[in-house]
Each structure stands twice: as C-alpha cells, then as structure tokens.
1. Hey, got a sec? Which trypsin sites (Lys or Arg not before Pro) in the stretch B:1-86 land in a DSSP loop and have at most 11 other Cβ atoms within 10 Å?
2. Could you give the size of the charge dipole of the stretch B:1-73 about its Cα centre, using +1 on the Cβ of each K and R and -1 on the Cβ of each D and E, expressed in debye and rounded to the nearest 20?
3. Applying the Karplus parametrisation 6.51 cos²θ - 1.76 cosθ + 1.60 with θ = phi - 60° to the phi angles of the stretch A:31-45, what ³J(HN,Hα) value in whole Hz is obtained for each residue in order, glycine and proline being reported as x?
4. Could you give the Stokes-Einstein D for the protein assembly as shown in µm² per second, using the C-alpha Kirkwood radius, 25 °C, 0.890 mPa s?
5. First measure r as the distance between the Cβ atoms of B:SER18 and A:GLU5, then evaluate 1/(1 + (r/R0)^6) with R0 = 41 Å and state the FRET efficiency to the nearest 0.05.
6. Per residue, how big is the convex hull of chain B when only Cα atoms are used? Give it in Å³.
7. How large a share of the accessible area of chain B, in percent, is made up of carbon and sulfur atoms when the probe is 1.4 Å and the other protein chains stay in place?
8. Partner chain Cβ atoms within 10 Å, averaged over the residues of B:31-43 - can you pull that number for me?
Amino acid sequence: GIQVEQSPPDLILQEGANSTLRCNFSDSVNNLQWFHQNPWGQLINLFYIPSGTKQNGRLSATTVATERYSLLYISSSQTTDSGVYFCAVVGGSGAGSYQLTFGKGTKLSVIP
Amino acid sequence: NAGVTQTPKFRILKIGQSMTLQCTQDMNHNYMYWYRQDPGMGLKLIYYSVGAGITDKGEVPNGYNVSRSTTEDFPLRLELAAPSQTSVYFCASSYSFMSDGYTFGSGTRLTVV
C-alpha cells in the first residue's frame, strides 16, 4: 500500500514563530487531508488538498502531487496550535488503495 | 448537529471479556470507518462500511467485528479482549473515500488488563 512519511516527528516553537510541516507519499493520490489532533485527542480536519494551495487564517497548505509531497505552513504560532498534525492520503493501487492512510504525525509544542 | 458520537469515552476490560463500542452519525453519510490509534502512531483502519448492510476489512481487522444495519449506526464488537487491543478507537464518517470532510468522533480509550 501507499506509504506516508511526515517530518519532523517533533517540533518545539516559541509562540509567534513560523513553521513548515512536510508530508511525503509514495504513490499518486486522489485525496490528501491534513488533520490536527488537539491535546484532548479530538481530530479536526484542517484541509482537503489533493493538489494546489489553500489558506485558512494563519494556516496554509500546498500539495505538489507530481512530486508527491505536501506542506503545511503555520504562521505566528499560538499555544492553541499545539498537538499532533497528521497527513492522510487515499491513493496508490491494489488492496487498500481506497482507504485513508495516515502518517505517524508531527507533534508540535508551542511554548509561551 | 452532533456529527459523529462515540460511546463510551473510557473503558477498562479484563482479558477475555467482550464489549461493543457504539458509533452514530447524523450527517447522512454512507461511508463509516473504525480506526485505532496506538501511542506515537497514526491511525490504522480496522473496518469500514459503504452503506447499510455492507462492511469490509481494513488493515487491522483481527479480533474485531462490525455490523451496519442502519445508515446512522456502525458498532464495533471486540470479542475475547487481549492486551494488544489496548488503544484509542476512533469512528469516522464521510460521503465517500475521495471526499473531503471526514468527520471523526471524540474517541474511546480502551485498556485491556
């Protein structure tokens, strides 16, 4: 099945700093989503972005499908941005190509 | 609009016991999913359903069973609980595999002792 790798695994930021999270995937994708899992465990859908660029407030995302990667940008980080950010894709071929496959996530800690 | 509701939020089981995790959604989504999340890992698909009466295995189905008698409900059954099933379980729903708007429940934290 398709492989999803996220980097860095852990990130510590001072409040107000900017950051870039990366997601690499091993095959073509039909669906790519970024999720934020807050410290209480709730998963929130941030972006649906199989290609192109989207922005939502301080967050933006870019997917370059031909080069098999996606980036999530967080600007002017706040303590409420803390949590784990997951990239998840639907793609590849064969068994499991229909399912949303998750990376292991990037754990972000924003300190005051 | 409640979205996806999971019960219970926490549960401790003894080895060999059985239980059912409940999941219901009110968005009229045809597609529903059960995932498990182990510490430091992403989510792995256990079972999914594309509509009432239709279910299929995901990546890690062993030790679990599901049913889908209505569009709204998708319970997950654990038979003969084992310590390896200690995990956080998430139910989710969507319009299709390819759609945006996957909505997740708040999770069930299960410990098997």
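The values are calculated or read from the model by the stated rules, or taken from the named source; none is laboratory data. Keep in mind the model is a prediction, meaning the values are calculated, not measured. In this analysis, Cβ positions are derived from the backbone assuming ideal geometry, glycine residues included, and neighbour counts consider all displayed protein chains. With ligands, DNA and RNA removed, areas are computed over all heavy atoms of the protein, side chains included. Shrake-Rupley method; radii C 1.70, N 1.55, O 1.52, S 1.80 Å.
1. Details: sites: B:LYS9, B:ARG11, B:LYS14, B:ARG36, B:LYS44, B:LYS57, B:ARG68, B:ARG77; in loops: B:LYS9, B:LYS14, B:ARG68.
The qualifying sites are B:LYS9, B:LYS14.
2. Numbers: 7 positive and 6 negative charges, 62 e Å.
Approximately 300 debye in magnitude.
3. Values per residue, Gly and Pro as x: 8, 9, 9, 10, 10, 10, 9, 6, x, 8, x, 6, 9, 10, 6 Hz.
4. On the way: Rh = 18.0 Å.
Roughly 137 µm²/s, to the nearest whole number.
5. Numbers: r = 37 Å, r/R0 = 0.89.
With R0 = 41 Å, the Cβ-Cβ based efficiency is 0.65.
6. Values: hull volume 10.5 nm³, N = 113.
Value for chain B: 93 Å³ per residue.
7. Details: 2730 of 5220 Å².
Solvent-exposed carbon and sulfur of chain B make up 52 percent of the total.
8. On the way: counts 1, 0, 2, 0, 4, 0, 7, 0, 0, 5, 4, 13, 11.
Averaged over the peptide's residues, the number is 4.
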